[in-house]
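What follows is a set of notes on a single structure, which appears directly below.
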Amino acid sequence: MDKQYFSHESAIVDEGCNIEKGVKIWHFSHIMSDCTIGENCNIGQNVVVSPGVILGKNVKIQNNVSIYTGVECEDDVFLGPSMVFTNVTNPRSGVIRRGQYEKTIVRKGASIGANATIVCGHDIGKFAFIGAGSVVTKTVPAYALVVGNPARQIGWMSEFGHRLSFDEKGIAVCPESKEEYRLTDFIVEKNK
């Protein structure tokens with residue numbers, strides 16, 4: 001059976017991967033066994049996808065990203081250049097901690113900026129936006145905008161990636177999509 005994805009001749013794709021149609025794997029990347037890569041993902045140059053990683057559909061991974069065992073990215077996630085995931089809270093070279101990897105889930109539509117670090121065990125909410133260079137040390141709510149080291153929330157983002165400004169009734173409108181959002185008790189939801 002012909003493969004339904006593209007991999008550059010310099011990329012290494014181990015046996016036992018589940019790679020869906022329309023995936024593109026670029027120069028010097030390594031896709032390790034037992035990972036799942038959904039339709040239409042784009043995996044940039046010098047990317048490592050470790051065993052057991054799950055990528056949903058249309059995940060965009062920029063150059064120099066390592067996605068370690070324990071990470072799951074839902075559909076439409078963006079991982080910026082050289083961002084980092086960890087998978088062990090207290091790593092030591094002389095202590096074997098395989099099998100103690102912590103899980104991190106990046107929910108649908110979230111974006112993680114260049115050179116950001118996501119400390120394991122802290123999920124990223126749907127459509128959250130992690131600023132470049134941020135160090136995430138706690139769970140990030142849906143639609144949250146976080147920046148800094150350690151990352152702190154400074155606002156909210158629309159699904160189109162625009163900062164939301166809520167009125168006194170807790171309503172905000174995305175300037176691009178014109179979709180309406182509601183803020184109630186520190187939770188943002190899109191109005192239907």
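Conditions (1) modelled with pLDDT under 95; (2) farther than 17 Å from ILE124 by Cα; (3) hydrophobic (A, V, I, L, M, F, W, C), marked per residue:
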| site | (1), (2), (3) |
| --- | --- |
| ASP14 | no, yes, no |
| ASN18 | no, yes, no |
| ASN64 | no, yes, no |
| ILE67 | no, no, yes |
| ASP75 | no, no, no |
Against the definition (of a type in the set (S, T, N, Q) and modelled with pLDDT of 95 or more), how does ASN42 come out, yes or no? yes
Considering only the range 176-184, I want to know if a residue exists there that is under 25 Å from VAL135 (Cα atoms), polar (S, T, N, Q) and within 25 Å of the chain's Cα centre (by Cα). no
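So in the range 80-126, with the set limited to residues that are of a type in the set (Ser, Thr, Tyr), over 9 Å from the mean Cα position of the chain (by Cα) and on the phi < 0 side of the Ramachandran plot, which one is surrounded by the fewest Cβ atoms within 10 Å (Cβ to Cβ)?
SER93
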Kindly provide the set of residues from the range 150-170 that are outside any loop (DSSP other than H, G, I, E, B) and touching an Asp or Glu at 6+ places or on another chain (Cβ under 6 Å), ordered by number. none
When every residue in the range 124-149 that is in a loop (DSSP other than H, G, I, E, B) and in contact (Cβ under 8 Å) with a residue 24 or more places away in the chain is compared, the one farthest from GLU74 (Cα to Cα) is ALA132
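The values are calculated or read from the model by the stated rules, or taken from the named source; none is laboratory data. What you see is a predicted model; the values in this text were computed from it and never measured. With ideal geometry, Cβ positions are generated from the backbone for all residues, glycine too; neighbour counts draw on all protein chains shown.
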